[in-house]
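Below you'll find the structure, written out as structure tokens, and then a few comments.
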Amino acid sequence: MDARLRRVNKEITDCKNDKSSNIKIDLIDESPFHLKGSFPGPQDTPYEGGHFEVDIVIPESYPFQPVKMKFITKVYHPNVSSASGAICLDILKDAWSPVLTLKSTLISLQSLLCSPEPNDPQDAEVAKHFTTSKRSFEETARYWTQIYAGGPGGIAKSGKSPEAVRDDVAIAGLEKAHVDQFEAIGFERGKVIDVLRRLNYRGANVANISEDRVVEELLK
Amino acid sequence: MTQTSRPPSPPRLKTTGLPDDQPEDDHDVFMSEQPATFLSGHPILPEDMDIRDLMPSQLYEMNQNLLNESVPQKPLIDELASMSVLREEYEHGSASFLRQIDYLTKDGYDCVRRTRGDGDCFYRSVAYAFVERLLYSPDPTMAVGSALSQIESTLPMLTGARFDPFVYEDFMECFTTLIQSIVVPDREGLTLTPQSLLDAFQQPESSNSIVVYLRLLTSAQIRADPDAYAGFLHDPDNYMELQLETFCQHYVEAVGKEADHVQIAALSRALKINVKIAYLDGRDPQEVGKVDFHEFIFADDTTSSSLVLLYRPGHYDVLGRSSSRI
């Protein structure tokens, strides 16, 4: 058996036998080199109560090259791309060591959710939101946990179609009043949300952005 | 960051074969489903991306990929070469390097075994020199036996460092099996020869497994005696003092991270070996071609000879005397 397969099999078994860590690794298809990891959102964070899934690809030269991981579950976090789930974490890149395992790497992702690093962002817009208003950022992150990760108070299990109840303003981390204000001038709601999100029209930053500036962007 | 505030784009690396749809979030482009790639499958910088928008880690990755594509791969560790080959490379360069090379040659160090400059060169050089010395030992059975028992005795240290046994056992076994094969024939009935030793170190899986084992051993040694190394744990880039955990994770256990004084001392101590390093660094104020040797003495046996490495800034090779081989 080749070394990569032997190692991955050991890792999967080790993870199965460890009931204390809450980390799960499952096969997606027959291949042992394409897996799905999952873990609960850490306590006392906006991700608490959510269930987060991670796509895992084991490269050819594993464990000498880092495992490839990205979030399947949408996560609102400065170091995770809100669009693609790509993750900015040193151990997945140049700080990788073959002593790290799928389990320990997933645990590192879990702790990344506890301690965002806005100075080394993967998603620049989310990082700006975080640094502008931590409270508002956390509200948005909690909302994402509800609607995408099955978090508490969520709608995932309410029986209604998620699209029907999803609040685009909350997803974008904006104030309804702000969106209403520019929609009332005659701009399309989706466009208003997009522009205000890009301009980081939140918290104290609102005072720094004139209405003219917003309109100028809306007219582009 | 708005599109309008961006300065004009620099020339593109490559403009063909790129996806038409550019994702909104620049930093996602590297991770997008079907990025343009080099022949080897590495993604390159997509068209609408400014190099200034890249994260340092992405820049690093791109740089590594470019390097890997453009430089023909040298073997992980090479055949023995005469010192004159090294000398030729410096012929049109620094005179102080030439004087130092001549000094080493006169001192009997007339050959060099080069390793690939991948950041693992110190560990790979030590491992190779370690096994080679056992192979040429006048009493191989005895030498192999004591080397294996020394390696065996480091197990509690690895466990103490809280590495998963199933993780380090494979790497360690790769090293011990190779050493064992000097005296005990393997499944095909063969014992280790200079050629099969070289083969094992040129084959990435076994070679890198051994490098990783030595990295873990180095880390475990530092963790086992923090007081001995406290105050010497620095970030090699900015010389900031680091916590032991950070140092071990980022600069010892991580692949491709160059070894410095602390790592050399810790590994020599863990394996109970003497390591002697010749500094070919062009520093020769008196212009006499003198080379400084730095020795790490940790062998119990006072008659034990040193493994000798050649250091050039940022790189280690194995230094040798042709007279000491058969």
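Looking at the range B:223-237 only, could you name the residues that are within 15 Å of B:R269 (Cβ to Cβ) and more than 14 Å from chain A (Cβ to nearest Cβ)?
Step one: filter the range B:223-237 for residues within 15 Å of B:R269 (Cβ to Cβ), giving B:223-229, B:232.
Result: B:A224, B:D225, B:P226, B:D227, B:A228, B:Y229, B:F232.
Determine whether the range A:106-115 contains at least one residue that is more than 14 Å from every other protein chain (Cβ to nearest Cβ), out of contact with any Lys or Arg (no Cβ under 9 Å at 6 or more places or on another chain), over 26 Å from B:F166 (Cα atoms) and surrounded by fewer than 21 Cβ atoms within 10 Å (Cβ to Cβ).
Yes, some residue in the range A:106-115 is more than 14 Å from every other protein chain (Cβ to nearest Cβ), out of contact with any Lys or Arg (no Cβ under 9 Å at 6 or more places or on another chain), over 26 Å from B:F166 (Cα atoms) and surrounded by fewer than 21 Cβ atoms within 10 Å (Cβ to Cβ).
Find all pairs meeting these conditions: Cβ atoms under 9 angstrom apart; at least six residues apart or on different chains; first residue within the range A:76-103 and under 16 Å from B:T246 (Cα atoms) and of a type in the set (V, I, T); second residue open to solvent by 20 Å² or more (accessible area, probe 1.4 Å) and not in a strand (DSSP E or B).
Filtered contacts from the range A:76-103: A:I91/A:P66; A:I91/A:L100; A:I91/A:S104; A:I91/A:S108; A:I91/B:Q249; A:V99/B:D164; A:V99/B:Q249.
All but one of (1) farther than 29 Å from B:C248 by Cα; (2) aliphatic (A, V, I, L, M); (3) within 10 Å of another protein chain (Cβ to nearest Cβ) hold for B:A161, so report the exception by its number.
(1)
Residues being hydrophobic (A, V, I, L, M, F, W, C), open to solvent by 20 Å² or more (accessible area, probe 1.4 Å), more than 10 Å from every other protein chain (Cβ to nearest Cβ) and not in a strand (DSSP E or B): count how many of those fall in the range A:48-99.
The number of residues fulfilling the criteria is 1.
Any chance you could count how many residues in the range B:298-315 are in contact with a Lys or Arg (Cβ under 9 Å, 6 or more places away or on another chain) and open to solvent by 50 Å² or more (accessible area, probe 1.4 Å)?
The total comes to 4.
If you scan the range A:200-219, which residues turn out to be under 16 Å from A:S136 (Cα atoms) and crowded, with 20+ Cβ neighbours inside 10 Å?
Within the range A:200-219, A:N200, A:Y201, A:R202 meet the criteria.
For B:E132, all conditions in the list (1) in contact (Cβ under 8 Å) with a residue 12 or more places away in the chain; (2) open to solvent by 20 Å² or more (accessible area, probe 1.4 Å) hold save one; what is the number of the exception?
(2)
Please tell me if B:V167 is closer than 17 Å to B:L271 by Cβ, within 14 Å of chain A (Cβ to nearest Cβ), without any contact (Cβ under 8 Å) to a residue 60 or more places away in the chain and surrounded by 17 or more Cβ atoms within 10 Å (Cβ to Cβ).
no
Could you check the range A:17-29 and list, in sequence order, the residues that are open to solvent by 100 Å² or more (accessible area, probe 1.4 Å), over 21 Å from the mean Cα position of the chain (by Cα) and closer than 15 Å to A:I56 by Cβ?
Result: A:L27, single match.
For the range B:67-82, does any single residue satisfy the condition of being of a type in the set (S, T, N, Q), at pLDDT below 65 and either surrounded by 15 or more Cβ atoms within 10 Å (Cβ to Cβ) or within 25 Å of A:L89 (Cβ to Cβ) (or both)? Break it down stepwise before answering.
Just the residues of the range B:67-82 that are of a type in the set (S, T, N, Q), to begin with: B:68, B:70, B:73, B:82.
Those still in the list that are at pLDDT below 65 too: B:68, B:70.
Then keep just the ones that are either surrounded by 15 or more Cβ atoms within 10 Å (Cβ to Cβ) or within 25 Å of A:L89 (Cβ to Cβ) (or both); that gives B:68.
Yes, the range B:67-82 contains at least one residue that is of a type in the set (S, T, N, Q), at pLDDT below 65 and either surrounded by 15 or more Cβ atoms within 10 Å (Cβ to Cβ) or within 25 Å of A:L89 (Cβ to Cβ) (or both).
Hey, can you tell me all the residues within the range B:247-265 that are more than 18 Å from B:Y168 (Cα to Cα) and of a type in the set (G, A, S)?
B:A259, B:A265
So A:T132 clears everything in (1) more than 13 Å from every other protein chain (Cβ to nearest Cβ); (2) modelled with pLDDT of 95 or more except one condition, right? Which one?
All conditions pass for A:T132, except number (2).
The values are calculated or read from the model by the stated rules, or taken from the named source; none is laboratory data. What you see is a predicted model; the values in this text were computed from it and never measured. Neighbour counts are summed over all protein chains in view; Cβ atoms, including those assigned to glycine, are modelled from backbone coordinates with ideal geometry. Surface areas here come from the heavy atoms of the whole protein model, side chains and all, with no ligands, DNA or RNA. Shrake-Rupley method; radii C 1.70, N 1.55, O 1.52, S 1.80 Å.
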